[in-house]
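Down below is the structure, laid out as structure tokens.
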């Protein structure tokens, strides 16, 4: 019985020594990787905000040409309002928050895609130089959103691996309060929306 207690104490001592030696390195690396994801998430939100900022200008430019499309214009403005209302704490991105953010952004993408489809019926609007530049900027912004979203996922990957690898997963139970993070996955079908490629060559 005495030997068993000694062995148990020795094991506990080894665990304590290991935690003291490896713990700070694990924790500090976890903080660095989590900060990377938070910083990149800021870039994701910035790209989406850029899209939101373009929408009022697109709508206002189109009003004079597509005056019979008020309902469609209103739905885009409402979807934009919902999308910009969802804010995520980059230091504590939860799966529920990420899902909510994805849903409202997908809703805005769908509303915007319907609006752009309507605009195709107005050749005078498509010939407007200001409208052309806004649509080109929207296309560039959509590309930037995809880039930043992919980069965010690239920062999540090493962070999650750091937490899941042995013996880090055990260390995390003792000294860390880190949680794995979800990847940003666009809603099914939304990778093709909104369609912003106008044929400006035909008036």
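The values are calculated or read from the model by the stated rules, or taken from the named source; none is laboratory data. From a predicted model like this one, the values you see are computed outputs, not experimental measurements. Note that each Cβ is placed from the backbone with ideal geometry, even for glycine, and that neighbours are counted across all protein chains shown.
Sub-7 Å Cβ pairs linking a first residue in the stretch 170-183 that is surrounded by 15 or more Cβ atoms within 10 Å (Cβ to Cβ) to a second residue that is assigned to a loop (DSSP other than H, G, I, E, B), at least 6 apart or interchain, are 172/178; 181/93, ordered by first then second residue.
When the residues of the stretch 184-198 are narrowed to those that are surrounded by 16 or more Cβ atoms within 10 Å (Cβ to Cβ) and modelled with pLDDT under 75, which ends up farthest from the chain's Cα centre (by Cα)? Ranking the candidates gives 198 first.
Restricting to the stretch 100-131, and then to whatever is within 17 Å of the chain's Cα centre (by Cα) and without any contact (Cβ under 8 Å) to a residue 40 or more places away in the chain, can you tell me which residue is farthest from residue 182 (Cα to Cα)? Taking the candidates together, the pick is 107.
Each row is one residue, and each column tells you yes or no for (1) farther than 18 Å from residue 62 by Cβ; (2) part of a helix (DSSP H, G or I).
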position: 92; (1), (2): yes, no
position: 104; (1), (2): yes, yes
position: 125; (1), (2): no, yes
position: 133; (1), (2): no, yes
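Hey, any hits in the stretch 16-25 for a residue that's out of contact with any helix residue (DSSP H, G or I) (no Cβ under 9 Å at 6 or more places or on another chain), part of a helix (DSSP H, G or I) and modelled with pLDDT of 90 or more? So far as the stretch 16-25 goes, no, none of its residues is out of contact with any helix residue (DSSP H, G or I) (no Cβ under 9 Å at 6 or more places or on another chain), part of a helix (DSSP H, G or I) and modelled with pLDDT of 90 or more.
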